């Protein structure tokens, strides 16, 4: 199972870019949280216990990976908001869960950290409407989350002042180069 992960803070463009990048690199999209776990996700999100929520998100991602392994399709999978996000966000907000995440799900072949100008990011998330408890909590811990993200990205690609198509092409080129490097190295 080969995984490409698109990671990044809320509002950097992961959801917009994921299908565009997947198309360009010939990958199938793998939802980090399977749709049939939506009721459990809502329960986890309704809780104010950061460690319990952290456990749920890691379990859901591991479940998605197990299902992908069992499917006959998708030699290459692209996941938006993979283990890096689950770990960085929850540890940055104070989760006490300490574990080696790659024991739960495969380490991605390439993990791309999408970044953007902070003002642009904040404009994008404010356009999403009234912030939830978890959005408020994560935004108040944003520097800790940024720090926690450092160990989960192989490369960083900015998504500033460019069209989604241009950003997706830039990410796809970088991913293809890293995949080729891995195949030749």
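The values are calculated or read from the model by the stated rules, or taken from the named source; none is laboratory data. Computed from a predicted structure; not experimentally measured. Here the Cβ positions follow ideal geometry from the backbone for every residue, glycine too, while neighbour counts run over all protein chains shown.
Counting only residues that are touching a strand residue (DSSP E or B) at 6+ places or on another chain (Cβ under 7 Å) and under 21 Å from residue 13 (Cβ atoms), how many does region 84-108 have?
Our first condition is that a residue be touching a strand residue (DSSP E or B) at 6+ places or on another chain (Cβ under 7 Å); within region 84-108, this holds for 84-85, 106, 108.
With the extra rule that they be under 21 Å from residue 13 (Cβ atoms), the set shrinks to 84-85, 108.
Matching residues across region 84-108 total 3.
Since residue 29 meets every condition but one in (1) in contact with a strand residue (DSSP E or B) (Cβ under 8 Å, 6 or more places away or on another chain); (2) free of Cβ contacts under 8 Å to residues at least 12 places away in the same chain, which condition does it not meet?
Of the numbered conditions (1) in contact with a strand residue (DSSP E or B) (Cβ under 8 Å, 6 or more places away or on another chain); (2) free of Cβ contacts under 8 Å to residues at least 12 places away in the same chain, the odd one out for residue 29 is (2).
When region 86-103 is examined, which residues are found to be touching a helix residue (DSSP H, G or I) at 6+ places or on another chain (Cβ under 6 Å) and surrounded by fewer than 16 Cβ atoms within 10 Å (Cβ to Cβ)?
94, 96 - these are the residues of region 86-103 that are touching a helix residue (DSSP H, G or I) at 6+ places or on another chain (Cβ under 6 Å) and surrounded by fewer than 16 Cβ atoms within 10 Å (Cβ to Cβ).
Go through region 10-45 and count every residue that is surrounded by fewer than 18 Cβ atoms within 10 Å (Cβ to Cβ) and outside any helix (DSSP H, G or I).
Here the count works out to 5.
So which residues in region 144-178 are more than 18 Å from residue 83 (Cβ to Cβ), assigned to a helix (DSSP H, G or I) and in contact with a helix residue (DSSP H, G or I) (Cβ under 8 Å, 6 or more places away or on another chain)?
Within region 144-178, 164, 165, 167, 168, 169, 171, 172, 176 meet the criteria.
Output the residues belonging to region 2-15 that are touching a helix residue (DSSP H, G or I) at 6+ places or on another chain (Cβ under 8 Å) and either modelled with pLDDT of 95 or more or under 24 Å from residue 141 (Cα atoms) (or both).
4, 5, 6, 7, 8, 9, 10, 11, 12, 13
Scanning region 32-56 for residues that are farther than 19 Å from residue 138 by Cβ and in contact with a helix residue (DSSP H, G or I) (Cβ under 6 Å, 6 or more places away or on another chain), which turns out modelled with the lowest pLDDT?
First, pick out the residues of region 32-56 that are farther than 19 Å from residue 138 by Cβ: 34-40.
Those left that are additionally in contact with a helix residue (DSSP H, G or I) (Cβ under 6 Å, 6 or more places away or on another chain): 34, 37.
Details: 34: 93, 37: 96.
Restricting to residues being farther than 19 Å from residue 138 by Cβ and in contact with a helix residue (DSSP H, G or I) (Cβ under 6 Å, 6 or more places away or on another chain), the top hit is 34.
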